[in-house]
Amino acid sequence: MVTAKNVSSIQQRLSDKPSDTYSPLYFLASLGCGGMAVAFFMWLMHWTSHPGKSVPVFEDILASFATEALPGKVMISVAVIGIAYYAVLNIRYLLWNLTRYQAWTHTSAYAQAVSSNAETQVLAMPLALAMSVNVCFILGMVFVPGLWSVVEYLFPVALLALLGIGVLALRMLGNFLGRVFTSGGFSCVNNNSFAQALPAFALAMVGVGLAAPAGLSATPLVAGVGLVVSTFFLVTSGLIALVALILGIRSLLENGASIETAPTLSVFIPLLTVLGILVLRQTHGLGVHFGSASGSAERLILLSQFLSAQVVFALLTWLVLQRLDYIPKFITGSAASPGSYALVCPGVALSVMLHFWLNRGMMDAGLVAKFSLAYWGLSAVALLIQGVTMWLIFTLNRKHF
């Protein structure tokens, strides 16, 4: 029986959502949904035919759907629906964050954040913006007929948009570094996480978008510009990540991990996937336009190295989260932290990297035949990780929003 007391209790729970207390880390909700759209695009990229192009477009997907048997039709349908669904969530949470972020900048919480180690959390905004640019490009390829005929006109626009986001990220990072380098105030004691690698992740996301024209454009000038500017963000991201790793490990060894920031131990997993794709795009562009092609063996080794490092960080993160009982408290339990969204990106990243490792590494090197039993066995691992991550997104969105 519904009583006034029950209605009041429900209204109270609905009005006291964790997201009512804003944090820029909620941009990771948009980021994770965008990453899941990319994960579904991997199905179309590696399991459909797209002759003469590195990526499938609307016409390729339509042709594959017409010729595939029932399992293929189901796969394409699920992939297309998944891309559309998570792209909508990506844009929805991005717009929600942009509105809330603007209001947040006028609060005392913002003033406190930008005077502490937490200032680098604001780089979650350009990180999410860069992901949304990539998502929009995927939406265009999947749903817009004839896009490939005008894609050369779109690449310069995408370069300018991503450069604008890159400048925003560099300005935010510059504000933080300018403050701590001239006035101090950075707390090494409170740096017992890999939270300071977030700027590296943001710059890498900008860089991988800038590398897209290098790998896809048929115009040498556009490809060359993409190569040069993406290299800047690749190097900058790598340097910042290295510093963040060293500082974080030192503080972790001395102070131990904090339960709320423990998910940041996994930030290097998505960072490595983004940098890996960036390098693959650059290598492809160098081969097509500048005669510096790499072989399948080189790609296999490169992707195996990236994947190996990711597995190490995944094991480390799991060890710490298990010791801290993080999942029973912050995922399935009643406690809530916006930092939990940092666990979405590693799941997406591992799934995407496994697809690349299998298709551009193992298969191209002749170690695994396409659509063989071994091929589907390895693909199943990527799909399992993707499925668990989808559950995590659903669980966190229901809890926080």
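The values are calculated or read from the model by the stated rules, or taken from the named source; none is laboratory data. Please read these numbers as outputs of a predicted model, since none were measured by experiment. A quick note on method: Cβ atoms are made from the backbone with ideal geometry, for glycine too, and the neighbour counts reach across all protein chains shown.
Hey, among 265, 271, 302, which residue is in contact with a Gly (Cβ under 9 Å, 6 or more places away or on another chain), under 22 Å from residue 355 (Cα atoms) and assigned to a helix (DSSP H, G or I)?
The unique qualifying residue is 302.
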Response to the item:
Just one listed residue, out of 219, 236, 261, is of a type in the set (S, T, N, Q) and at pLDDT 95 or above, and it is 236
Worksheet entry | Count - residues of the range 42-59 that are of a type outside the set (Val, Ile, Thr), out of contact with any Pro (no Cβ under 8 Å at 6 or more places or on another chain) and within 19 Å of residue 136 (Cα to Cα) | 5
Worksheet item: If you take the residues in the range 364-400 that are of a type in the set (A, V, I, L, M) and more than 29 Å from residue 33 (Cβ to Cβ), which one is surrounded by the fewest Cβ atoms within 10 Å (Cβ to Cβ)?
Response: 373
Worksheet item: Among the residues of the range 245-258, is any under 21 Å from residue 362 (Cβ atoms) and among the aliphatic types (A, V, I, L, M)?
Response: no
Item to complete: Go through the residues of the range 216-239 one by one and say whether even a single one is closer than 24 Å to residue 288 by Cβ, crowded, with 24+ Cβ neighbours inside 10 Å, within 19 Å of the chain's Cα centre (by Cα) and of a type in the set (Phe, Trp, Tyr).
Response: yes
Worksheet item: residue 339 fails exactly one of the following numbered conditions: (1) in a helix (DSSP H, G or I); (2) surrounded by fewer than 17 Cβ atoms within 10 Å (Cβ to Cβ). What is the number of that condition?
Response: (2)
Response to the item:
Result of the Cβ filter at 7 Å on the range 247-260, keeping first residues that are at positive phi and partners that are surrounded by 13 or more Cβ atoms within 10 Å (Cβ to Cβ) and not aromatic (Phe, Trp, Tyr), at least 6 apart or interchain, is 256/192
Worksheet, complete the sentence: Just one listed residue, out of 127, 198, is farther than 27 Å from residue 290 by Cβ, touching a residue at least 24 places away in the same chain (Cβ under 8 Å) and touching a Ser or Thr at 6+ places or on another chain (Cβ under 6 Å), and it is 198
Practice prompt. Those residues that are touching a residue at least 60 places away in the same chain (Cβ under 8 Å), surrounded by 15 or more Cβ atoms within 10 Å (Cβ to Cβ) and out of contact with any Asp or Glu (no Cβ under 8 Å at 6 or more places or on another chain), I need them from the range 140-169; list them, please.
Written response: 141, 142, 143, 147, 151, 155, 156, 159, 163, 166
Practice prompt. Scan the range 305-332 and report the pairs whose first residue is in a helix (DSSP H, G or I) and whose second residue is among the hydroxyl-bearing types (Ser, Thr, Tyr), with Cβ atoms within less than 6 Å and a gap of 6+ or a chain change.
Written response: 317/266; 330/337; 330/340
Discussion item. Any residue at all in the range 294-313 that's within 26 Å of residue 191 (Cβ to Cβ), surrounded by fewer than 14 Cβ atoms within 10 Å (Cβ to Cβ) and of a type in the set (Asp, Glu)?
Written reply: no
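For the range 87-110, check the following and say yes or no: at least one residue is more than 22 Å from residue 338 (Cα to Cα) and touching a residue at least 60 places away in the same chain (Cβ under 8 Å).
Step one: list which residues in the range 87-110 are more than 22 Å from residue 338 (Cα to Cα), which gives none.
No, the conditions are met nowhere in the range 87-110.
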Discussion item. Looking only at the range 347-398, filter to residues that are within 21 Å of the chain's Cα centre (by Cα) and of a type in the set (D, E, K, R); which one of those is nearest to residue 305 (Cα to Cα)?
Written reply: 360
